[in-house]
Ligand SMILES: Nc1ncnc2c1ncn2[C@@H]1O[C@H](COP(=O)(O)OP(=O)(O)OP(=O)(O)O)[C@@H](O)[C@H]1O
Ligand SMILES: [Mg+2]
């Protein structure tokens with residue numbers, strides 16, 4: 001299993017190579033020729049083993065940059081990113097990243113795309129096939145293995161990318177807006193599937209999303225970022241995640257409202273229009289429990305949840321995995 005820590009991480013794209021501790025490994029084409037651009041500023045965040053964190057923030061605040069670093073594809077200009085206490089010097093076998101642009105190989109079939117990671121890990125043909133079939137079934141694409149990405153809709157391609165990650169037995173799953181191309185109904189189904197997988201498998205996951213409701217549904221903790229250069233503005237503890245009826249509960253809507261308000265504050269827009277409150281509006285009390293910057297963001301072991309314990313008991317002997 002995996003812990004993930006951003007220890008005072010800053011990143012400047014286009015910083016001259018060799019400056020600071022972290023020359024960028026993948027700084028992007030032409031990055032060294034463009035004016036330096038500070039993407040992240042002193043991000044300090046600890047993610048416990050088995051925790052699910054939703055990362056929300058304005059476009060360009062550095063969310064993808066944070067995932068690239070966690071995947072060992074980009075090194076910070078200063079600070080350190082540690083997985084299980086080890087600084088990330090390159091890609092790690094048990095980390096799986098679903099990129100914003102999916103990264104599917106157009107000349108390979110769906111099956112070959114899904115099996116790619118397993119092949120690289122030298123998993124035998126029989127097991128590859130089984131894991132691929134199960135993953136495709138899990139995302140509603142059973143029987144589509146012989147298609148090519150170009151023959152699929154955008155949403156289906158997104159599900160293939162998800163299946164590829166699910167087929168790997170990863171302990172750290174990083175997802176960059178994995179469901180953004182899906183229609184609302186399918187999106188909720190796959191959110192249910194992601195939650196179910198997290199509860200059963202107990203992996204650590206970070207999901208970047210622009211959907212507040214998605215964050216509140218999937219994140220045991222929700223991290224709100226400031227606009228560029230991104231830093232952690234506020235974190236919200238979300239103990240209700242994974243509990244029965246959470247999506248339709250008063251606590252869910254109240255937390256979504258608080259996260260929305262926090263995002264607006266992070267943007268410097270303190271006046272929230274009354275109509276901008278999600279769902280059934282404000283509830284009394286403070287079931288969601290937000291925490292200010294720094295509080296709860298540092299080394300807190302909030303991994304797992306009560307729901308997981310219950311689900312694990314209920315799911316023993318499950319055929320899912
Ligand atoms: N390869 C690169 N070279 C130079 N600047 C980059 C590069 N990649 C990202 N940036 C800049 O770094 C900042 C953070 O980018 P990043 O892609 O991490 O943001 P993001 O939060 O994922 O945005 P979005 O929500 O739109 O996906 C942005 O200002 C972006 O322009
Ligand atoms: Mg991004």
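Things to note:
- Computing Rg and the Kirkwood Rh from the Cα coordinates of the stretch 39-135 gives a ratio, Rg/Rh, of 1.02.
- Gyration tensor verdict on the stretch 86-155 (Cα atoms; rounded if a/c is under 1.5, prolate if a/b is larger than b/c, oblate otherwise): oblate
- Overall, the ratio between the Cα radius of gyration of the stretch 106-225 and 2.2 N^0.38 Å, rounded to two decimals, is 1.05.
- Global form of the stretch 181-236, assessed from the alpha-carbon gyration tensor, a/c cut-off 1.5: oblate
- Fewest-first sequence of 109, 77 by Cβ atoms within 10 Å of each Cβ: 109, 77
- Taking other C-beta atoms within 10 angstrom as a stand-in for reagent exposure, 13, 148, 6 fall in the order 148, 13, 6, fewest first.
- Taking other C-beta atoms within 10 angstrom as a stand-in for reagent exposure, 122, 108 fall in the order 122, 108, fewest first.
Each reported figure results from applying straightforward, stated rules to the coordinates on display, with no laboratory input. No experiment lies behind these values; they were computed from the predicted model shown. Using ideal geometry, Cβ is built from the backbone for each residue, glycine included, and neighbour counts are taken over all protein chains shown.
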